[in-house]
Amino acid sequence: MPYAARANALPKNPASPPPAESLSFEAAVKELEAIVAQMESDDLPLEDSLTAYKRGAELIRAAQSRLSVAEQQVKVLEDDMLKPLIEAGGAS
């Protein structure tokens with residue numbers, strides 16, 4: 001298919017996507033998977049590939065941020081839960 005025909009065949013989404021930071025981890029990963037699949041299909045014109053790459057980078061940063069926050073929360077929970085167990089275990 002000629003380049004011009006492929007570019008015209010792409011569905012245009014007039015609405016811009018929501019900010020990556022506003023998405024849940026799962027939503028960011030799902031959108032990222034769709035972008036990767038689209039880019040792997042080799043059907044994107046260069047400009048669309050660059051736009052998809054930029055959006056993918058935003059989604060990765062947002063997902064990594066969410067994971068970091070979750071890791072911190074797990075550490076806090078583990079500390080709160082393990083302290084009494086360690087203290088009780090040492091008192092035996």
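Quick notes
- Distance between the 7 Å Cα→Cβ label points at LEU50 and ALA15: 2.7 nm.
- Karplus 3J(HN,Hα) series, Hz, for the stretch 40-47 with 6.51 cos²θ - 1.76 cosθ + 1.60 (x for Gly, Pro): 5, 6, 6, 9, 8, x, 4, 4
- For the peptides 52-62, 15-25, residues were scored by their other Cβ atoms within 10 Å and the scores averaged per peptide; the highest-first order is 52-62, 15-25.
- Summed residue charge, Cβ within 11 Å of LEU59's Cβ, Lys/Arg positive, Asp/Glu negative: +1
Readers should treat all values here as calculations from the given coordinates under stated rules, not as data from a laboratory. From a predicted model like this one, the values you see are computed outputs, not experimental measurements. Ideal geometry is used to build each Cβ from the backbone, glycine not excepted, and the neighbour counts take in all protein chains shown.
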